[in-house]
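Below: the structure, in structure tokens.
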């Protein structure tokens, strides 16, 4: 079912978090290195770890980009960062009583593949030397097909990478020129084939909607063409236009950006192609082949959400490594320095390069569970969550002013303390989750539009 133009117009401009964490990053504050060191030291060796490695470099700037990255072609600069990253790994593991096993690793950025084959090999070798990995651990990496080649693919396969995400965004030449990302279909196809032939089994592709000059027809065509590559998963992210925070987004032709109803139509056009092809819709913005682990997790009720979006990652703790990287430990969140100079100074001094974070309370953990269930499953049993955290249901009730219009428009169904968002309305999941966000009002201007 298509998203109602009236609903897209009514709710699309509302600013709400993407809920990859709770509390969300705007509510982080200063966190000291000794506090983070204490948290790491308290980790039980019986836990399962997830690692996120942030590589903050791209070789070209895409004008839509909202990531924490630096544009450089200077290999020496990237090699110097790798040296700092490896030292951070040493500092981090030294802070632990015993290093728990890793069940999931994710390289993000920026563009991890920008550092080249030798750089990737150095990082993979160091990570495997420092952390024990479970036999069936998932090792994933984000790749810009424009900066990858056979040598890089072979290095990744040799290093144990078993899932790769290729950024596509749009295959329309007019859109590509407008966003400063020229990437012919053949470039993406060739890297996808290299990955398959190298024995890397998991293939994810990323598309964007909400870009200048996109049309319903072009989005539909994009979806049909990426289907030819037989991806296991497709992420369909809505472009977040925040030029007040990302100055380079001012280079985009703002008068050519689609409005709320048009954005909804563009997403729906992609969704229809994917659903007709037998893919399963995953929450807000993902699609998975029915045999993929993500579709299985949805059916089993084990789907989760973290800083990379929807995930099958079952880890008890996430450690972030590299500039701006965010970790999620049982005690709270910890984020590294964003500025390379601050990061370098801390690491060279033998200190954990943490700058921000937030301890989490029992209320935070309960609401994080609530939001995760809505964002992942589209349904929530509030009494069950309250019972699990030994809390009163009355202390976790949604904001009635936020919930009331969603109920009136049928976006949310309520039966006592059970709340459901039907799959036809999953584009509005963030609005349902926001009803349970105790911190939202003070940060709403920092978030992207709801649709």
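The values are calculated or read from the model by the stated rules, or taken from the named source; none is laboratory data. What you are looking at is a predicted structure, and each value in this text was computed from that prediction instead of being measured. Counting neighbours? That spans all protein chains shown, and the Cβs are built from the backbone with ideal geometry, glycine included.
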Quiz item: Any idea which of 154, 136 is over 23 Å from residue 249 (Cβ atoms), touching a helix residue (DSSP H, G or I) at 6+ places or on another chain (Cβ under 8 Å) and not in a loop (DSSP other than H, G, I, E, B)?
Solution: 154
Quiz item: Quick one: is residue 374 outside any helix (DSSP H, G or I) and within 20 Å of residue 413 (Cα to Cα)?
Solution: no
Quiz item: Taking residue 86, is it modelled with pLDDT of 95 or more, part of a helix (DSSP H, G or I), under 24 Å from the mean Cα position of the chain (by Cα) and surrounded by fewer than 22 Cβ atoms within 10 Å (Cβ to Cβ)?
Solution: yes
Practice problem: From (1) under 28 Å from residue 214 (Cα atoms); (2) buried (at least 19 other Cβ atoms within 10 Å of the Cβ), pick out the condition that doesn't hold for residue 104. | Solution: (1)
Quiz item: Which of the residues spanning the stretch 260-281 are without any contact (Cβ under 8 Å) to a residue 60 or more places away in the chain and either under 20 Å from the mean Cα position of the chain (by Cα) or part of a loop (DSSP other than H, G, I, E, B) (or both)?
Solution: 271, 277, 278, 279, 280
Quiz item: Out of the stretch 377-410, which residues are assigned to a loop (DSSP other than H, G, I, E, B) and closer than 22 Å to residue 299 by Cα?
Solution: 378
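In this structure, is residue 179 in contact (Cβ under 8 Å) with a residue 24 or more places away in the chain and within 30 Å of residue 45 (Cβ to Cβ)? Talk me through it step by step, then tell me what you get.
Details: in contact (Cβ under 8 Å) with a residue 24 or more places away in the chain: yes; within 30 Å of residue 45 (Cβ to Cβ): no.
So residue 179 does not fit the description; no.
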Quiz item: Which one of the conditions (1) touching a strand residue (DSSP E or B) at 6+ places or on another chain (Cβ under 6 Å); (2) buried (at least 16 other Cβ atoms within 10 Å of the Cβ) does residue 265 fail to meet, given that it meets all the rest?
Solution: (1)
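Listed residues 12, 66, 41; which is in the same structural domain as residue 312 (by TED's automatic domain parsing) and under 30 Å from residue 405 (Cβ atoms)?
Working: 12 fails: in the same structural domain as residue 312 (by TED's automatic domain parsing); 41 fails: under 30 Å from residue 405 (Cβ atoms).
It is 66.
Are any residues in the stretch 193-211 more than 15 Å from residue 294 (Cα to Cα), part of a strand (DSSP E or B) and either outside the structural domain of residue 308 (by TED's automatic domain parsing) or without any contact (Cβ under 8 Å) to a residue 60 or more places away in the chain (or both), and if so, which ones? Before you say what the answer is, go through the steps one by one.
Here is the first cut: in the stretch 193-211, the ones more than 15 Å from residue 294 (Cα to Cα) are 193-200, 206-211.
Subsequent filtering for residues that are part of a strand (DSSP E or B) retains 206-209.
Residue satisfying the conditions is 206 alone.
Please go through the stretch 282-305 and pick out each residue that is outside any loop (DSSP other than H, G, I, E, B) and closer than 22 Å to residue 433 by Cβ. Step through it out loud before you land on a result.
Step one: list which residues in the stretch 282-305 are outside any loop (DSSP other than H, G, I, E, B), which gives 282, 286-288, 293-300, 304-305.
Selection gives 282, 286, 287, 288, 294, 295, 297, 298, 299, 300, 304, 305.
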Practice problem: Output the residues belonging to the stretch 313-327 that are in contact with a strand residue (DSSP E or B) (Cβ under 7 Å, 6 or more places away or on another chain), over 15 Å from residue 107 (Cβ atoms) and part of a loop (DSSP other than H, G, I, E, B). | Solution: 314, 315
Quiz item: Which members of the stretch 294-314 meet the condition of being under 18 Å from residue 204 (Cβ atoms) and free of Cβ contacts under 8 Å to residues at least 40 places away in the same chain?
Solution: 295, 296, 297
